Amino acid sequence: MKKLIALVLALVLSFALCMPAFAAEETTEVVAYDGDPIVVVRGIDFAGLVKADGSSAISIDAFDVLGLIFNIGGHKVTGNKAAGAHAIASFGKDLFADLMVDQNGNSLSDVSIPKFYDCGADLDLSDDSKWADTAVGLFRSLTRKYGGENVYLYTFDWRMSPDALADDLNNYFEMVKEKTGAEKLDVAACSMGGMVTTAYIEKYGYGIFDSLVFFSPALNGVDVVGSAFTGDLTISGQDLTEFLIKKVGGNFFVNAIIKVLDFIGIIDGISNFVNDILADYGDIIYDEFLCEVFRTTYGLWGMVPDEYFDDAVKFFFEGVEDEYAEALDIINNDIKPFVMSTEEIIDEVAASDVKLSFVSHYNNKQLPIYSKAYLHGDGVIESARTSFGATFANYGETLTDDQLAGVAAEFISPDGVVNASTARYAESTWIINGAKHVGCKDGSDHTEFAIWLLAQDEQPTVNNATYPRFMKCDANENFIAF
């Protein structure tokens, strides 16, 4: 029975975390376009990193995951938590081994990410499994609407430092300008692409932008990264159950299995055992896996929130300062000042004539692996971060009377979950209930809204009837009433 339950749970986890994306039918008509070239700056792409032979640098085999679950289950039966910790650390390190970089940020393996130097017209965008949603879904929708010769996609190696990524993005922008003859660009900065674009602005300024739209941006830090980089990892059985149910959507059969596993205590049992391992032998996982693999992954350091930063440095480098002197110099003298100045960098853009907008999503369950998984998010980044400071109730709750006191009704979401008045740029920040991270499923209402933002001749604001401050979308990212 225990083996059967473990097998079912493994299948549920695999299904939940690998749900395929389905694109809408190709109904968008190409319209005449006389605007600036559009560059979509995509976010972090783990699967995009490839080896020299073209194979993925990260390959998650379902049987390996199942083997890990059985391995941990066996150690649970014997009570050998130390062995369980070593098993988790070994699995994680093997999985990410090809992604490791040295103190100079150079890859230790022959791994890179393909660059798209051609415009959308020169790329094969037919594969729904690759081009259906998020930043690449927006890219495909833009090529259909405005013609591929006007649209470009920037990809990057997320392991590089913010400074190196700024140089790389500058080179890409200059390439687009040379190919198109344009002086200005409209840019969609998605997820980690928000951090990369902010690093570019710090180093090269904002003169190249006509419109700049941040979609689910990582430009004010990410709590889950800060938690991982300070050893704050924990699993809540309730959060894990809610996350899985949210992930599989309306699949009645899978939801039923998850609820049964939750009811009979299996999910809580696994969660509690992993938490026991972390409490008693977490140093094994942190030292043999997390620190070993990600200590010098400078791109991720660029997403550590400022309030976590010093603790993260201590967590990764205490006791090995001399061995990692070069890395500490980069982190403390290059990355930390950038992280601490994010607000000032964006404030300068907001005060200019650049048309600046933000799109944040909420009501998706965060990864159930850290102590703040109770926060509202888009499934990847916390909503308070992507909205640059809006106030959210905890997931599953509404704002309290104290939180609502004195706040104008226009700033409160119809479901009573969000107070947008505290967002740093409240009049140009849209907050969407139900949209996933970045969103932008090809051909959806959400994507049409994104394109509308990029195409505006004047600074768009939330004070319009078509696209108000608060919106809600269904599973296909078409807008519906609250």
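At a glance:
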read-out: Test for Val359: is it over 26 Å from Ile432 (Cβ atoms) and either touching a residue at least 12 places away in the same chain (Cβ under 8 Å) or not hydrophobic (A, V, I, L, M, F, W, C) (or both); value: no
read-out: Qualifying positions in region 365-386 - among the hydrophobic types (A, V, I, L, M, F, W, C) and within 22 Å of Thr422 (Cα to Cα); value: Ala373, Leu375, Val380, Ile381, Ala384
read-out: Residue list for region 450-482, restricted to those being free of Cβ contacts under 8 Å to residues at least 40 places away in the same chain and of a type in the set (Phe, Trp, Tyr); value: Trp452, Tyr467, Phe479
read-out: Residue among Val40, Val50 that alone is in contact with a helix residue (DSSP H, G or I) (Cβ under 6 Å, 6 or more places away or on another chain), at pLDDT 90 or above and under 29 Å from Gly221 (Cβ atoms); value: Val40
read-out: Residue tally, condition touching a residue at least 60 places away in the same chain (Cβ under 8 Å) and of a type in the set (D, E, K, R), over region 336-346; value: 1
read-out: Any pair with Cβ under 7 angstrom, 6 or more apart, that starts in region 209-225 at a residue that is on the phi > 0 side of the Ramachandran plot and ends at one that is assigned to a loop (DSSP other than H, G, I, E, B) and modelled with pLDDT of 95 or more; value: Ser216/Ser191; Ser216/Ile381; Ser216/His437; Ser216/Val438; Gly221/Met303; Gly221/Val304; Gly221/Pro305
read-out: Qualifying residues in region 387-415 (those that are of a type in the set (Asp, Glu) and outside any helix (DSSP H, G or I)) - the one farthest from Lys372 (Cα to Cα); value: Asp415
read-out: Only listed residue being at pLDDT 95 or above and among the aliphatic types (A, V, I, L, M), chosen from Ala481, Ala409; value: Ala409
read-out: Only one of Leu240, Leu244, Leu261 that is buried (at least 21 other Cβ atoms within 10 Å of the Cβ), within 27 Å of Asn363 (Cα to Cα) and touching a Pro at 6+ places or on another chain (Cβ under 6 Å); value: Leu240
read-out: Subset of region 177-208 [crowded, with 20+ Cβ neighbours inside 10 Å and β-branched (Val, Ile, Thr)]; value: Val187, Val196, Thr197, Thr198, Ile201, Ile208
read-out: Helices (runs of 4 or more DSSP H) lying entirely in region 215-290 (those with 1 or more residues that are modelled with pLDDT of 75 or more, of a type in the set (Phe, Trp, Tyr) and farther than 30 Å from Leu356 by Cα); value: 252-263, 266-285
read-out: First in region 311-327 and closer than 15 Å to Ser227 by Cβ, second anywhere and in a helix (DSSP H, G or I) and modelled with pLDDT under 95, Cβ under 7 Å, 6 or more apart; value: Phe316/Cys291
read-out: Cβ pairs under 7 Å, 6+ apart, first in region 107-122 and in contact (Cβ under 8 Å) with a residue 40 or more places away in the chain and outside any strand (DSSP E or B), second surrounded by 13 or more Cβ atoms within 10 Å (Cβ to Cβ) and among the aromatic types (Phe, Trp, Tyr); value: Ile113/Phe156; Cys119/Tyr152
read-out: Residues located in region 179-208, provided they are in contact with a strand residue (DSSP E or B) (Cβ under 6 Å, 6 or more places away or on another chain) and not in a helix (DSSP H, G or I); value: Lys184, Leu185, Asp186, Val187, Ala188, Ala189, Cys190, Ile208
read-out: Breaking point among (1) surrounded by fewer than 22 Cβ atoms within 10 Å (Cβ to Cβ); (2) in contact (Cβ under 8 Å) with a residue 24 or more places away in the chain; (3) closer than 20 Å to Asn464 by Cα, for Ala420; value: (1)
read-out: Selection from region 79-137 of residues that are buried (at least 16 other Cβ atoms within 10 Å of the Cβ), within 24 Å of the chain's Cα centre (by Cα) and within 30 Å of Glu477 (Cα to Cα); value: Ile113, Phe116, Gly120, Leu125, Asp128, Trp131, Ala132, Asp133, Thr134, Ala135, Val136, Gly137
read-out: Test result for Asp310, more than 23 Å from Asp163 (Cα to Cα) and assigned to a helix (DSSP H, G or I); value: no
read-out: Test: residue in region 428-440 that is among the hydrophobic types (A, V, I, L, M, F, W, C) and part of a helix (DSSP H, G or I); value: no
read-out: Residue satisfying all of: in region 340-360; over 27 Å from Met471 (Cβ atoms) and in contact with an Asp or Glu (Cβ under 8 Å, 6 or more places away or on another chain); surrounded by the most Cβ atoms within 10 Å (Cβ to Cβ) among these; value: Ile345
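The values are calculated or read from the model by the stated rules, or taken from the named source; none is laboratory data. Because the structure is a prediction, the values reported are computed rather than measured. So basically every Cβ, Gly included, is an ideal-geometry build from the backbone, and we count neighbours across all protein chains shown.
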